[in-house]
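A.B. asks: Here it is: the structure, laid out below.
All of the numbers you see were taken from the coordinates with simple rules; none came from a lab. The model shown is predicted, which means the values in this text are computed figures rather than measured ones. Because the Cβ atoms are built from the backbone with ideal geometry, glycine has one as well, and the counts that use them run over all protein chains shown.
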Amino acid sequence: MAVSAAVARLGLASLRRLPVDARPLVRPGTADTGIVHLGLGAFHRAHQAVYTEQAMAAAGGDWGIVGVAPRSRDLVEVLAAQDHLFSVTSTSAQGCATRVVGALTGVRRAAADPDAVVALLADPAIRVVTLTVTEKAYALDPVTGRLRPDDEVAADLRTDRPPRTVPGLLLRGLVARATAQGPPLALVSCDNLPANGRRLRGMVEQAMAYADTPERLAGWIADCVTFPGTMVDRIVPASTDQTIAAARDALGVEDRAAVAAEPYRQWVIEDVFPGGRPAWEKAGAVLTDDAGPWESLKLRALNGVHSAAAYLGALAGRETIADALELPHLTTVLRRLVAEDVAASFDPPDGVSVVEYGEEALARFANPAIHHRTLQVALDGSQKLPQRVLHTIADLRARGRSARWAALVVAAWMRFTLGYADDGAALPLADPLAGRIRAALDAAPRTPTGVADALFALREVFPAEVAGDAEVRADVIAWLTDLERHGVAGTLTGVR
Ligand code: CS2
């Protein structure tokens with residue numbers, strides 16, 4: 001503490017103290033705001049904010065970002081105290097590089113001031129709204145993709161109270177914009193959902209129907225709002241005290257909103273922006289008319305494999321994903337998951353080899369400088385499993401193939417929901433369906449078949465064609481039996 005008290009705080013006044021190559025690419029305050037971003041977490045700061053700043057540096061434009069944090073008071077206060085500046089440290093075994101990003105022009109906390117967020121969404125200067133709010137905030141059924149309003153979403157959509165949820169904020173903002181006949185807008189989901197643009201459009205349409213939005217306004221929204229699909233990629237673990245200490249060492253000033261990330265990043269975006277957009281292609285983004293094959297590639301060959309490493313790693317007592325990959329035989333199994341299951345399940349983008357993409361993902365996971373906790377990736381499994389693993393299974397089965405390795409990932413998630421590691425240590429189940437999952441397990445015999453039957457019956461997680469597939473069930477039960485009897489280490493060793 002004594003050291004940090006003596007160190008100046010990151011902000012406009014301390015910019016000139018920064019090493020030259022750590023300074024923002026755009027002078028803060030020179031661009032006006034054109035983007036509202038919902039979900040101000042580490043991922044946004046290390047991804048869209050970085051691309052947007054680089055695009056403005058290369059091609060100009062008023063594309064400053066107002067970042068909206070749903071709840072986190074601390075983050076909003078920290079960023080406000082730092083004149084909206086924060087740093088990103090790219091880190092790998094080869095070394096690290098830290099740079100301050102100047103893309104944010106403001107911050108808001110939705111919980112404290114929802115009306116200000118609604119007003120921003122209606123503001124004619126705003127032409128793009130991006131979202132990283134995590135899968136569960138969309139309030140969609142993970143299997144069908146249809147809106148499932150819980151009590152909070154229902155109250156937002158059917159009463160006049162200040163909105164508290166993402167569907168509520170969006171709908172209220174879009175209705176305000178439509179009422180004012182404002183300029184058109186692109187709403188861009190940057191979450192790891194399948195067909196995220198279509199899902200977001202569906203969410204808005206179903207929210208309008210649920211809220212009984214007047215036809216004239218609903219018509220304006222249908223005509224003037226686009227929903228580009230995207231594939232976003234960068235491994236960005238939650239920040240820790242070490243992240244902040246590393247930023248302090250590199251910058252010579254204290255940045256309490258620092259993030260650390262792998263050097264790699266990718267963004268594929270469908271190019272439908274009726275009000276214009278930053279020149280993201282100048283920052284390396286790929287603009288396309290169909291992000292679908294890229295999304296499937298990333299969700300199945302990267303996120304699905306990530307989840308596999310997370311559940312198996314957590315069960316084996318491994319703290320980080322990189323530690324998990326050192327479990328004997330795990331990478332062999334993950335390679336087989338990609339080569340035998342994922343690659344056979346869908347048609348990748350032209351010219352892309354799924355196996356090579358999967359190899360690259362494994363190398364990224366092994367980055368020893370990224371301390372990505374297995375428990376962080378394991379969060380919210382019920383929301384992630386469908387697009388990461390179950391779509392792979394459904395497509396393989398429709399092609400008449402088995403899905404043995406994908407079944408192992410399902411079994412690992414089921415085993416994880418039991419709440420204890422192989423050595424008996426408790427494992428937390430942080431999941432919006434935790435209550436339903438626990439109730440299902442409590443009512444079932446604690447045998448592999450009992451556990452599998454109880455969880456396969458969760459219709460919000462398992463599509464009927466997967467839950468009702470005898471071969472898939474048998475594979476999952478066989479893996480669960482192995483995991484229960486021999487633990488992860490024994491199961492992996494016994495793989496043939
Ligand atoms: C991870 C992702 O936490 C998770 O579920 O699989 O956040 C992953 O790190 C990113 O999608 C990488 O782009």
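A.B. asks: Taking neighbour Cβ counts within 10 Å as the exposure measure, how do 353, 307 sort from fewest upward? Present the calculation step by step, with values, prior to reporting the outcome.
C.D. replies: Values: 353 11, 307 22.
Exposure proxy ranking, most exposed first: 353, 307.
A.B. asks: Further question: Would you list, by chain and number, the lysines whose Cα falls below 20 Å from the Cα of residue 136, excluding same-chain residues fewer than 8 positions away?
C.D. replies: In chain and number order, the partners are 298, 384.
A.B. asks: A follow-up question, please. Counting each DSSP H run of 4 or more residues in the chain as -39500 (n - 2.57), what helix-only mean residue ellipticity at 222 nm follows after dividing by all residues, to the nearest 500 deg cm²/dmol?
C.D. replies: Theoretical 222 nm ellipticity from helices: -12500 deg cm²/dmol.
A.B. asks: Which angle from 0 to 90°, rounded to the nearest 10, does the C-alpha axis of helix 354-365 make with the longest principal axis of the chain?
C.D. replies: Between the helix axis and the principal axis of the chain, the angle is about 70 degrees.
A.B. asks: To make sure I understand, if each residue's beta carbon is the centre and we count other beta carbons within 10 Å, what order do 455, 147 fall in, fewest to most?
C.D. replies: Working: 455 24, 147 21.
By the 10 Å Cβ count, ascending: 147, 455.
A.B. asks: Decide, for the stretch 290-448, between rounded, prolate and oblate: order the square roots of the alpha carbon gyration tensor eigenvalues as a ≥ b ≥ c, take rounded if a/c falls under 1.5, and otherwise choose prolate if a/b is larger than b/c, else oblate.
C.D. replies: Numbers: a/c = 1.88, a/b = 1.33, b/c = 1.42.
Oblate.
A.B. asks: Using +1 on the beta carbon of Lys and Arg, -1 on that of Asp and Glu, and nothing else charged, what's the dipole of the stretch 311-388 about the Cα centre, debye to 20? Write out the running numbers ahead of the final one.
C.D. replies: On the way: 7 positive and 11 negative charges, 62 e Å.
Dipole size: approximately 300 debye.
A.B. asks: Next question. Using alpha carbon centroids, what distance separates the stretch 241-289 and the stretch 122-172, in Å?
C.D. replies: Between the Cα centre of the stretch 241-289 and that of the stretch 122-172, the gap is 25 Å.
A.B. asks: I'd like the per residue volume of the convex hull spanned by the Cα atoms of the chain, given in cubic angstrom. Don't skip to the answer; put the middle values down first.
C.D. replies: Values: hull volume 73.6 nm³, N = 496.
Per-residue hull volume (Cα only) is 148 Å³.
A.B. asks: With Rg and the Kirkwood Rh both taken from Cα atoms, where does Rg over Rh land for the stretch 185-241?
C.D. replies: Details: Rg = 15.0 Å, Rh = 13.0 Å.
Over the Cα atoms of the stretch 185-241, Rg/Rh equals 1.15.
A.B. asks: Something else: Could you work out, for the stretch 1-128, what percent of all Cα-Cα pairs fall into each 5 Å distance bin, beginning at 0 Å and stopping at the bin that holds the largest distance?
C.D. replies: Result, from short to long distances: 2, 10, 20, 22, 21, 13, 7, 3, 1, 0 percent.
A.B. asks: Still on this structure, please answer the following. Decide, for the stretch 366-496, between rounded, prolate and oblate: order the square roots of the alpha carbon gyration tensor eigenvalues as a ≥ b ≥ c, take rounded if a/c falls under 1.5, and otherwise choose prolate if a/b is larger than b/c, else oblate.
C.D. replies: Values: a/c = 1.27, a/b = 1.17, b/c = 1.09.
It comes out rounded by the Cα gyration axes.
A.B. asks: Quick one: which of 435-447, 266-278 comes out on top by average Cβ neighbours within 10 Å, and what's the full order, highest first? Walk me through the numbers on the way to the answer.
C.D. replies: Numbers: 435-447: 13.8, 266-278: 19.8.
Output ranking for 435-447, 266-278: 266-278, 435-447.
A.B. asks: State the Cα centre-to-centre distance between the stretch 433-454 and the stretch 38-70 in whole Å.
C.D. replies: The stretch 433-454 and the stretch 38-70 have Cα centres spaced 42 Å from each other.
A.B. asks: What is the diffusion coefficient of the stretch 424-496 in µm²/s, taking the Kirkwood radius over Cα pairs and the Stokes-Einstein relation at 4 °C with a viscosity of 1.567 mPa s?
C.D. replies: On the way: Rh = 13.5 Å.
For the chosen part, D equals 96 µm²/s.
A.B. asks: Under the rule a/c < 1.5 gives rounded, and otherwise a/b versus b/c splits prolate from oblate, where does the stretch 282-327 land using the Cα gyration tensor?
C.D. replies: Numbers: a/c = 5.29, a/b = 2.49, b/c = 2.13.
It comes out prolate by the Cα gyration axes.
A.B. asks: Right, here's the next one. Work out the length of the dipole vector of the chain about its Cα centre, built from +1 on the beta-carbon of each Lys and Arg and -1 on the beta-carbon of each Asp and Glu, and round it to the nearest 20 debye.
C.D. replies: For this selection, approximately 500 debye.
A.B. asks: Which one, 230, 82, 128, projects farthest toward the positive side of the charge dipole computed for the stretch 12-288 from Cβ point charges (K/R +1, D/E -1)?
C.D. replies: Among 230, 82, 128, the one farthest towards the positive end of the dipole of the stretch 12-288 is 82.
A.B. asks: I would also like to ask the following. For the stretch 12-288, compute Rg over Rh where Rg is the Cα radius of gyration and Rh is the Kirkwood radius from the inverse mean 1/r over Cα pairs. Each step should come with its number before you reach the end.
C.D. replies: Values: Rg = 18.4 Å, Rh = 19.0 Å.
Ratio of gyration radius to Kirkwood radius: 0.97.
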